[in-house]
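The values are calculated or read from the model by the stated rules, or taken from the named source; none is laboratory data. This structure is a prediction, so every number in the text was calculated from the model and none was measured. Heads up, the Cβs are rebuilt from the backbone with ideal geometry, glycines too, and the neighbour counts pull from every protein chain shown. These accessible areas exclude ligands, DNA and RNA; they are computed on the full protein's heavy atoms, side chains included. Shrake-Rupley method; radii C 1.70, N 1.55, O 1.52, S 1.80 Å.
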Amino acid sequence: MNQVLIESIETVIVDLPTIRPHKLAMHTMQNQTLVIVRLRCSDGIEGLGESTTIGGLAYGNESPESIKQNIDSHFAPLLVGQDASNINAAMLRLDKAITGNTFAKSGIESALLDAQGKRLGLPVSELLGGRVREGLEVAWTLASGDTAKDIAEAEQMLDIRRHRIFKLKIGANEVNQDLRHVIAIKQALGDRASVRVDVNQYWDESVAIRACQVLGDNGIDLIEQPIARINRSGQIRLNQRSPAPIMADESIESVEDAFSLAADGAASIFALKIAKNGGPRAVLRTAQIAEAAGISLYGGTMLEGSVGTMAAAHAFVTLNKLTWHTELFGPLLLTEEIVVEAPVYREFQLEVPRNPGLGLTLDEERLAFFRRK
Ligand code: MUC
Ligand code: MG
């Protein structure tokens, strides 16, 4: 077989509206900006990837604009002309020349996997060693900012059997107000749902000590990133004291972070995000560290659209244990779709089809309409 080369890499910024404002402690989303990666190969195959973050630079240190610029100016020249079917070699070449930039790397690694899967007629999950589950249970984030609206939204999700796990975004308000909000929602839903919170680093340890106790005492199942990622010793202490398990999210910006968190005993659950590890293969390295350390897993999201969501899904279905399920609901937060085959959510699960690659085709008309001009 002739060697297949990477011919070009195009990045497209796409702005899509959200179904409602999505209020996180650090940012309120009125829309979401996707960065779509189109990696074209000499055999005519195109691989798709996505490098998406939340709120410009509010969440991570790569923005949609910097991701596009960096891929166009630094990643593409390193990859064009390289073997498209050797993903190890391509990613190693990037890692040698480019530090960090895991969001951009994730879009590229996803696109390489998609292209190779299409080439071999295999779903990405099978390239990653094979799936051990067909679907993934998906949490929904209640983040309207209003307790009654959040309860109504949760009831609707339970009724249509789409979600029975709810994550509440807190941290921006005065702590007692946030605790009342969470407890009211848990009391309304009772045992019909798992209720969890994400503080997005907004508490300090002195606040978190009491708040974690109250949350645990009131049936909250999981507390995500209560304090700043840099306060490692505080996170170790909280992990020992909190009656509800502590999950690391912002604390993991790389596979190496995952190792040091595990070594320090700073969390009992890891949020796995392809964007924060450098792709679907990279996130599985973090999963392996967790598994070896006895840390439970949760399939996280950066609220990607369908391309990034399915890239994560193909990795997550290969996991032996996914105790805390996933939050791969990104496409459901958007009013518009840019792929032909919108992901299917049914009976609390996201289905992961067995078509080659990620199993997606771009809807060129929709993409042309929503791409940033
Ligand atoms: C985060 O911090 O986990 C994931 C779901 C959601 O609503 O926000 C994100 C980011
Ligand atoms: Mg989080």
Taking all protein chains in place and a 1.4 Å probe, what share, in percent, of the accessible surface of the chain do carbon and sulfur account for?
49 percent
Residues whose placed amide H lies under 5 Å from that of Val339, excluding near-sequence neighbours
Asp363
In debye, nearest 20: dipole of the range 138-267 around its Cα centre with unit charges on the Cβ of K, R (+) and D, E (-)?
340 debye
Separation of the Val214 and Asp15 label points, Cα + 7 Å toward Cβ, nm:
3.9 nm
Expressed as an acute angle from 0 to 90° and rounded to the nearest 10, what is the orientation of the C-alpha long axis of helix 175-189 relative to the principal long axis of the chain?
80 degrees
Compute the accessible area per residue over the chain, keeping the other protein chains in place, probe 1.4 Å, unit Å².
38 Å²
How much net charge surrounds Phe103 when only the other residues with a Cβ under 14 Å from the Cβ of Phe103 are counted, with Lys and Arg +1 and Asp and Glu -1?
-3
Find which of Ala154, Asn218, Asn200 sits farthest along the positive direction of the dipole of the range 94-239, computed with +1 on the beta-carbon of Lys and Arg, -1 on that of Asp and Glu, about the Cα centre.
Asn200
How far, in nm, would the chain grow between His74 and Glu174 when pulled straight, counting 0.36 nm per residue and subtracting the alpha carbon separation?
31.7 nm
Could you list, bin by bin from short to long, the percent of Cα-Cα pairs of the range 218-373 in 5 Å steps?
1, 9, 18, 19, 17, 13, 10, 7, 4, 1, 0
Which one, Ala89, Ala111, Ala290, has the greatest fluctuation when you compute a Gaussian network model over the chain with C-alpha springs under 10 angstrom?
Ala89
Dipole size in debye (nearest 20) for the range 203-280 around its Cα centre, Lys and Arg Cβ +1, Asp and Glu Cβ -1?
100 debye
From the cross-link list Lys96/Lys118; Lys105/Lys273; Lys68/Lys96; Lys96/Lys273; Lys96/Lys276; Lys23/Lys273, the entries with a Cα-Cα span beyond 24 Å are Lys96/Lys118
How large is the direction-averaged shadow of the alpha-carbon convex hull of the range 1-141, in nm²?
9.8 nm²
I'm checking a number: the convex hull volume of the Cα atoms of the chain, normalised per residue, in Å³. What is it?
122 Å³
Dipole in debye (nearest 20) - the chain, about Cα centre, beta carbon charges: Lys, Arg +1; Asp, Glu -1
380 debye
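Provide the net charge surrounding Leu122, with neighbours chosen by a C-beta distance below 14 Å and charges set as Lys +1, Arg +1, Asp -1, Glu -1. Before the final figure, lay out the partial values.
Working: positive: Lys118, Arg119, Arg131, Arg354; negative: Asp114, Glu126.
Once positives and negatives cancel, what remains is +2.
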Principal axis box of the range 101-165, alpha-carbon based, largest edge first, Å:
49, 30, 15
Say each of Asn88 and Arg241 gets a label point 7 Å from the Cα, pointing the same way as Cα to Cβ; how far apart are those two points in nm?
4.7 nm
With point charges of +1 on the Cβ of Lys and Arg and -1 on the Cβ of Asp and Glu, referenced to the Cα centre of the chain, which listed residue (Gly100, Ala89, Ala262) lies farthest in the positive direction of the dipole?
Ala262
When only the heavy atoms of the protein chains count and the probe is 1.4 Å, how do Asp363, Asp198, Asp204 rank by accessible area, highest first?
Asp204, Asp363, Asp198
Quick one: helix 205-217 against the long Cα principal axis of the chain, what's the angle to the nearest 10°, folded into 0 to 90?
80 degrees
Env charge @ Ile209, Cβ radius under 14 Å, K,R +1 / D,E -1, value 0
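What do the square roots of 5 times the Cα gyration tensor eigenvalues come to for the range 168-289, in whole Å, largest first, as semi-axes of the equivalent ellipsoid?
Details: eigenvalues 129, 50, 30 Å².
After diagonalising the Cα gyration tensor, the semi-axes are 25, 16, 12 Å.
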